[in-house]
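A short worksheet on the structure shown next.
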Amino acid sequence: MRKLVYFIGVSIDGVIAGPAGEAEFYPLNPEMVAHVRAEFPETMPTHIRPHIGIAASTPNKRYDTVIMGRGTYQVPLDEGNPNPFAHLRQYVVSRSLTGAGPAVTVVPGDPLALARRLKAEEGGLDIWLCGGGTLAGQLLPEIDELVVKSYPVVAGGGRPMFDGGFSPRAFTPVEVLPFGHGGTITTYRPVQ
């Protein structure tokens, strides 16, 4: 069965984006960027892949599908890019979105049903939950893995990694990769 993986960048205080969607405050580290480019190439938007050495013919390594919330999708949409991950099947969970790109499937209904249906598909790679925090909160029962890029910065406010009702779920770290700037990439799996 395919896994739903929440691959996300986060500040020390658990913020994935500023109040207006800002993410430029994360301190970049060439070593971490190179690791993400090599190990998670499909998380790079299609339009920048050729500029960072990822050829259009590069096969997807981990994910073949992406699920985004409305706020996450709105950022590329506002930049004139209605098809940000053309190399993946793209789903946006939203009850109000109109005008999505032709290669993007808008899902106005239950995100849990979407995740369960996609996870049950035969074959294929895993499913990337791109964000945001409200959608992650709704999908928490279906998340099979967290890959958290932690940056050594405090945001002081903004959009949390998970947003929703109080519903604790235990995870355990299975891999921690430290980087020279003090950031880490930690992979967590649910405690069984």
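Structure above, values below:
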read-out	value
Members of the stretch 114-132 that are among the small types (Gly, Ala, Ser) and closer than 19 Å to Gly71 by Cα	Ala115, Gly131, Gly132
Those residues of the stretch 77-87 which are part of a helix (DSSP H, G or I) and among the small types (Gly, Ala, Ser), in sequence order	none
Count - residues of the stretch 88-119 that are among the polar types (S, T, N, Q), surrounded by 13 or more Cβ atoms within 10 Å (Cβ to Cβ) and assigned to a loop (DSSP other than H, G, I, E, B)	1
Filter result for Leu140 (in a strand (DSSP E or B) and in contact (Cβ under 8 Å) with a residue 24 or more places away in the chain)	no
Residues located in the stretch 7-44, provided they are farther than 20 Å from Glu79 by Cβ and free of Cβ contacts under 8 Å to residues at least 24 places away in the same chain	Pro30, Val33, Ala34, Arg37, Ala38, Glu39, Pro41
Enumeration of residues in the stretch 82-106 that are modelled with pLDDT of 95 or more and within 20 Å of Ile16 (Cβ to Cβ)	Pro84, Phe85, Leu88, Gln90, Tyr91, Val92, Val93, Ser94
The listed residue being modelled with pLDDT under 95, under 23 Å from Gln74 (Cβ atoms) and assigned to a loop (DSSP other than H, G, I, E, B), out of Gly124, Gly164, Gly156	Gly164
Qualifying residue in the stretch 72-80 (condition: farther than 17 Å from Ala136 by Cα and in contact with a Pro (Cβ under 6 Å, 6 or more places away or on another chain))	yes
Test: residue in the stretch 72-82 that is within 21 Å of Tyr188 (Cβ to Cβ), surrounded by 14 or more Cβ atoms within 10 Å (Cβ to Cβ) and either in contact (Cβ under 8 Å) with a residue 24 or more places away in the chain or touching a Leu at 6+ places or on another chain (Cβ under 7 Å) (or both)	yes
Positions within the stretch 120-139 being under 12 Å from Tyr63 (Cα atoms) and either surrounded by fewer than 17 Cβ atoms within 10 Å (Cβ to Cβ) or in contact with a Phe, Trp or Tyr (Cβ under 6 Å, 6 or more places away or on another chain) (or both), in sequence order	Gly123, Gly124, Leu125, Asp126, Trp128, Leu129
Extreme residue, modelled with the highest pLDDT, among residues of the stretch 13-31 that are among the hydrophobic types (A, V, I, L, M, F, W, C) and out of contact with any strand residue (DSSP E or B) (no Cβ under 7 Å at 6 or more places or on another chain)	Phe25
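The values are calculated or read from the model by the stated rules, or taken from the named source; none is laboratory data. Bear in mind the structure is a predicted one, so any value in this text is a computation, not a measurement. Counting neighbours? That spans all protein chains shown, and the Cβs are built from the backbone with ideal geometry, glycine included.
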